[in-house]
2 protein chains.
Amino acid sequence: MAQENVKLLGVLGSPFVCRVQIALKLKGVEYEFVAQDLQNKSEELLKYNPIHKKVPVLVHNEKPINESLVIVEYIDEAWKGKSILPTDPYQRALARFWAKFIDDKVFGAAWKSIFTIDENEREKNVKEAQKAFQFLEDELKGKFFGGEKFGFVDIAAVYITFWIPMLQEIAGLELLTNEKFPKLCKWNQEFLSEPTIKESLPPRDPIFAFFKGLYEKIRASAK
Amino acid sequence: MAQENVKLLGVLGSPFVCRVQIALKLKGVEYEFVAQDLQNKSEELLKYNPIHKKVPVLVHNEKPINESLVIVEYIDEAWKGKSILPTDPYQRALARFWAKFIDDKVFGAAWKSIFTIDENEREKNVKEAQKAFQFLEDELKGKFFGGEKFGFVDIAAVYITFWIPMLQEIAGLELLTNEKFPKLCKWNQEFLSEPTIKESLPPRDPIFAFFKGLYEKIRASAK
């Protein structure tokens, strides 16, 4: 395509934005990262995502696409190069199923495991998150969810590789451990050692500091 | 494909199951409908959907696919014939965005508008559902969301055409009215008059009776 204009409206440290960054990197798409302040939303964000007013938003030749998994599928279909989803319809359906599973069952439960103050509530969420991890552990049959190469489900699951270990360290919580989930932890290491992934992740220190601050603020406000 | 074996595990009266029935009908796929009792889940359901234990499940030559929108996309990719999603990547992304919007923003809010007892809470949900309807009203530019022919978003939205008018009648509620949402109501009529849709919808009377019973039970239990 001639005269490509690709912008990504995002914030550093969002796993949803990171999914899109990995997909763009994998396809070798050059783009401009337009950092957003979610406390003070820009006119550009409100124009391109008037419904949810959230990031990530991919803007391709002035046409906006919202929702991280929708964007990743769009990138796979709009640009040639390494493919993100498999080609076989049944394998594609499985990939979409597991990506949705991660959104529905992992994100919320893991987040609440970390940030819930009430101990009983927290324990309930830990169990829920670990139940979801167990399904993923059982599903993981090769090096990656996508097989020998990482794909749609792996990209959807970036939260588990980078964010969850950091958040459980902050909270002093044993959520995802090698003893309980050896295959998931091995996958985690394999995924993080991929050059495409390494180059797409945010810098750990400022993100760690941000979430540590958030964690302490939430704990303090409950006292 | 030779020796096709297609089964749909479902219940009558579920809009999620109905999505799959419409897609199969549109493609002209013959299948066996295997009715499920969700109060007493069958071994077949637990085998084919061990994670969510829900319907619909499509079983194609012994391979199960779960999650209604994932199934509809699978049907579109696995069988030739009339297409459900558009072919252009950007239009495909928009279709996926709006289908997800319906799942995330319409289902829960509309359901709670009908079945919530607390008046304030109910009012809040009515507002939320109508806010979502307004976005759909504004998005509707042609005869269907898919343009001149109905497609992925229309199928995803079957809940709005068949279930919502019935549920609001049961609850004596004005949720989706011609005054507030003329385009959506016109689309509703167009959609329901399509032969493929008519032949895929459940019979109204028993479904009406079922939801009326449920409504009265919930109201009575709150007294």
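The values are calculated or read from the model by the stated rules, or taken from the named source; none is laboratory data. Keep in mind it's a predicted model, so treat the numbers as computed, not measured. No Cβ is skipped: glycine too gets one built from the backbone with ideal geometry, and neighbour counts run over all protein chains shown. SASA here: full protein model, heavy atoms, side chains in, ligands and nucleic acids out. Shrake-Rupley method; radii C 1.70, N 1.55, O 1.52, S 1.80 Å.
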Give the residues of the range B:61-77 that are open to solvent by less than 10 Å² (accessible area, probe 1.4 Å), out of contact with any Phe, Trp or Tyr (no Cβ under 8 Å at 6 or more places or on another chain) and at the interface with chain A (Cβ under 8 Å from one of its Cβ atoms), sorted by residue number. B:I71
Search result, residues across the range B:180-223 that are part of a loop (DSSP other than H, G, I, E, B), open to solvent by 30 Å² or more (accessible area, probe 1.4 Å) and under 18 Å from B:T161 (Cβ atoms): B:K180, B:S193, B:E194, B:E199, B:L201, B:P203
Answer with yes or no whether A:F150 is buried (at least 16 other Cβ atoms within 10 Å of the Cβ), assigned to a loop (DSSP other than H, G, I, E, B) and modelled with pLDDT of 95 or more. yes
Which ones in the range B:50-60 are at the interface with chain A (Cβ under 9 Å from one of its Cβ atoms) and either surrounded by fewer than 20 Cβ atoms within 10 Å (Cβ to Cβ) or in contact (Cβ under 8 Å) with a residue 60 or more places away in the chain (or both)? B:P50, B:I51, B:H52
Would you confirm, using the coordinates I've provided, whether B:K25 is within 14 Å of another protein chain (Cβ to nearest Cβ), within 20 Å of the chain's Cα centre (by Cα), basic (K, R) and open to solvent by 10 Å² or more (accessible area, probe 1.4 Å)? no
Counting just the residues of the range A:78-114 that are farther than 25 Å from B:V72 by Cβ, buried (at least 19 other Cβ atoms within 10 Å of the Cβ) and within 16 Å of the chain's Cα centre (by Cα), which one comes out nearest to the other protein chains (Cβ to nearest Cβ)? A:A109
Please count how many residues of the range A:68-89 are under 25 Å from A:F133 (Cβ atoms) and in contact with an Asp or Glu (Cβ under 9 Å, 6 or more places away or on another chain). 4
Do we find that B:A110 is among the aliphatic types (A, V, I, L, M), without any contact (Cβ under 8 Å) to a residue 24 or more places away in the chain and out of contact with any Phe, Trp or Tyr (no Cβ under 7 Å at 6 or more places or on another chain) in this structure? no
Checking A:V20 against (1) hydrophobic (A, V, I, L, M, F, W, C); (2) outside any helix (DSSP H, G or I); (3) crowded, with 22+ Cβ neighbours inside 10 Å; (4) in contact (Cβ under 8 Å) with a residue 40 or more places away in the chain, only one condition comes out false. Which one? (2)
Residue satisfying condition, being touching a strand residue (DSSP E or B) at 6+ places or on another chain (Cβ under 7 Å), open to solvent by 70 Å² or more (accessible area, probe 1.4 Å) and not assigned by TED's automatic domain parsing to the domain that holds B:L173, within set B:E32, B:E44: B:E32
